[in-house]
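The values are calculated or read from the model by the stated rules, or taken from the named source; none is laboratory data. Not measured: the values here are computed from a predicted model. Glycine also receives a Cβ, built like all others from the backbone with ideal geometry; neighbour counts cover every protein chain displayed. All accessible areas refer to the heavy atoms of the entire protein, side chains included, with ligands and DNA or RNA removed. Shrake-Rupley method; radii C 1.70, N 1.55, O 1.52, S 1.80 Å.
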Amino acid sequence: MEKFDVLVIGGGPAGLCAAIQSARAGAKTALVEKNGICGGTMTFCGINYPGIFDAWGRQIIAGIGWELIEKTLKETGSSLPKDFLNPDSTTQHWLHQIRVDPLVFASLTDEALLESGATILYHTMLATLTRSENVWTAGLCGKDGLYPVESRIIIDCTGDANAVKIAGLEYLQPETTQPGTLSIYFHNFDYDKLDFEQMEKNFENAVAAGELTPEDMGWARKFNRGFFLGFGGNSNHIVGINAADSAGKTRMEIEGRRSIRRIYNFLRKQPGLEHVEFHIKSGECGVRETRMIVGEKTITVEDYLAGRRYDDSVCYAFYPVDLHDAKHGLVNESLKPGVVPTVPLGALIPKNSKGFLAAGRILSSDRLANSALRIQATCMATGQAAGAAAALAVRDHLEPRDVPFPELRTLLEANGAIVP
């Protein structure tokens with residue numbers, strides 16, 4: 001049986017940073033990823049514009065994720081948004097998202113993982129987790145079947161708290177979750193020649209006739225011109241499904257494709273869109289919310305909006321409260337000028353756990369705080385923090401919660417992270 005110091009489950013923005021950081025710090029690390037590519041929502045779900053790395057005129061998140069983004073921009077000859085580090089546009093958060101080439105980013109991530117010494121296990125999923133004698137035994141499912149590995153520390157970066165659930169640790173699963181999105185792009189039409197007023201009436205008639213749902217073309221349950229300005233993209237809502245487990249994710253994928261097909265058939269009937277062409281931008285639906293861990297510390301929306309500092313804050317975070325709602329479209333509240341929230345290590349440690357960390361959007365928080373904490377830059381920062389804490393815990397034979405904070409800070413800063 002192969003033995004590791006740290007086993008990272010999930011290779012999205014959090015998981016890739018956790019694995020690289022852990023391995024760079026000397027821990028024997030493996031990364032388990034269900035797809036054949038790292039990056040999660042950034043590469044496989046078509047949301048290839050991560051943020052937010054700056055706030056009020058200064059950079060607040062850097063580290064391994066930022067290193068990979070800079071390398072991607074350099075290799076593709078791209079540049080940062082003109083509003084990056086512009087304090088006057090901070091409230092317009094979308095102007096600070098950084099568009100990156102997903103394939104180049106994924107390849108650079110592969111290289112960074114291999115250079116760090118991490119073992120990459122693509123097309124692999126976690127099946128079982130048991131603990132005895134201070135070691136976790138994980139049953140992994142590869143293409144050729146099940147096999148066990150051992151690890152001192154588990155880091156759940158699945159986005160759905162799957163490892164936490166399998167391990168029998170406590171989590172929260174909201175009765176109602178934010179809708180998902182299936183990102184597509186379309187072309188072969190002239191925006192300036194479209195009759196939007198007539199199309200809006202046709203849309204409302206199609207909804208009344210059951211040919212469309214109000215969420216098919218936007219977030220506000222109504223006809224959305226922005227759907228055309230963005231040539232599709234992150235513009236639809238798939239509602240009423242919690243995609244935490246395979247059954248839920250299967251339902252979401254089926255409903256996502258049904259939604260896109262409804263839109264396609266509707267648009268082809270509109271003047272000027274008879275020859276519109278749709279293309280897949282994502283391999284699967286993007287999911288905003290499924291489960292959150294119950295951690296040793298929980299970030300509330302009051303904590304978040306106040307920019308609370310903790311004695312174990314491992315990173316900053318920045319994004320408005322951004323709860324997508326099936327009925328109301330979008331519940332949004334911006335941070336007040338100068339406020340920059342933080343994330344404590346305790347929010348990454350499942351309550352009553354041993355040898356376990358969790359990072360990314362599943363960190364311990366209430367729903368409104370989580371709607372802001374779930375974004376890619378924060379996931380990268382929390383993933384790197386979890387990887388650093390895991391490596392130090394292995395080195396010194398400690399639980400992650402007992403790692404001396406000055407040593408954790410020193411390791412993170414040595415790898416480019418910004419620690420509050």
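Of note:
- Qualifying residue in the stretch 281-288 (condition: surrounded by 15 or more Cβ atoms within 10 Å (Cβ to Cβ), at pLDDT 95 or above and among the β-branched types (Val, Ile, Thr)): yes
- Restricting attention to the stretch 1-34, the residues that are in contact with a strand residue (DSSP E or B) (Cβ under 7 Å, 6 or more places away or on another chain), in a loop (DSSP other than H, G, I, E, B) and surrounded by fewer than 24 Cβ atoms within 10 Å (Cβ to Cβ) add up to 3.
- Within the stretch 178-195, considering residues that are surrounded by 15 or more Cβ atoms within 10 Å (Cβ to Cβ) and not aliphatic (A, V, I, L, M), the one farthest from the chain's Cα centre (by Cα): Phe189
- Checked against the criteria, Arg309 counts as among the basic types (Lys, Arg) and either at positive phi or open to solvent by 30 Å² or more (accessible area, probe 1.4 Å) (or both).
- Checklist (1) open to solvent by less than 10 Å² (accessible area, probe 1.4 Å); (2) among the polar types (S, T, N, Q); (3) modelled with pLDDT of 95 or more applied to Ser79, failing item: (1)
- Yes/no for Val294 being hydrophobic (A, V, I, L, M, F, W, C) and modelled with pLDDT of 95 or more: yes
- Evaluation of Cys315 against (1) modelled with pLDDT of 95 or more; (2) surrounded by fewer than 18 Cβ atoms within 10 Å (Cβ to Cβ); (3) of a type in the set (A, V, I, L, M, F, W, C) (one fails), failing number: (2)
- Residue match in the stretch 337-354 (condition: within 20 Å of the chain's Cα centre (by Cα), open to solvent by 10 Å² or more (accessible area, probe 1.4 Å) and closer than 25 Å to Pro179 by Cα): no
- Scan of the stretch 231-252 for residues that are touching a Phe, Trp or Tyr at 6+ places or on another chain (Cβ under 8 Å) and open to solvent by 40 Å² or more (accessible area, probe 1.4 Å), ordered by number: Phe231
- Criterion violated by Ile61 - all others in (1) farther than 28 Å from Asp245 by Cα; (2) open to solvent by less than 50 Å² (accessible area, probe 1.4 Å); (3) modelled with pLDDT of 95 or more; (4) more than 19 Å from the chain's Cα centre (by Cα) satisfied: (4)
- Residue in the stretch 357-377 that is open to solvent by less than 10 Å² (accessible area, probe 1.4 Å) and either more than 16 Å from the chain's Cα centre (by Cα) or at pLDDT below 95 (or both) present: yes
- Residue match in the stretch 196-210 (condition: in a loop (DSSP other than H, G, I, E, B) and either surrounded by 22 or more Cβ atoms within 10 Å (Cβ to Cβ) or acidic (Asp, Glu) (or both)): no
- Here Arg257 passes the criteria (1) surrounded by fewer than 20 Cβ atoms within 10 Å (Cβ to Cβ); (2) of a type outside the set (Asp, Glu); (3) at pLDDT 95 or above; (4) assigned to a loop (DSSP other than H, G, I, E, B) except the one numbered (4).
- Selected residue [closer than 25 Å to Asn224 by Cβ and small (Gly, Ala, Ser)] from Gly295, Gly256: Gly256
- Which numbered condition Phe223 misses (of (1) within 27 Å of the chain's Cα centre (by Cα); (2) part of a loop (DSSP other than H, G, I, E, B); (3) of a type in the set (Phe, Trp, Tyr)): (1)
- Residue match in the stretch 37-54 (condition: in contact with a helix residue (DSSP H, G or I) (Cβ under 9 Å, 6 or more places away or on another chain), of a type in the set (Asp, Glu) and open to solvent by less than 10 Å² (accessible area, probe 1.4 Å)): yes
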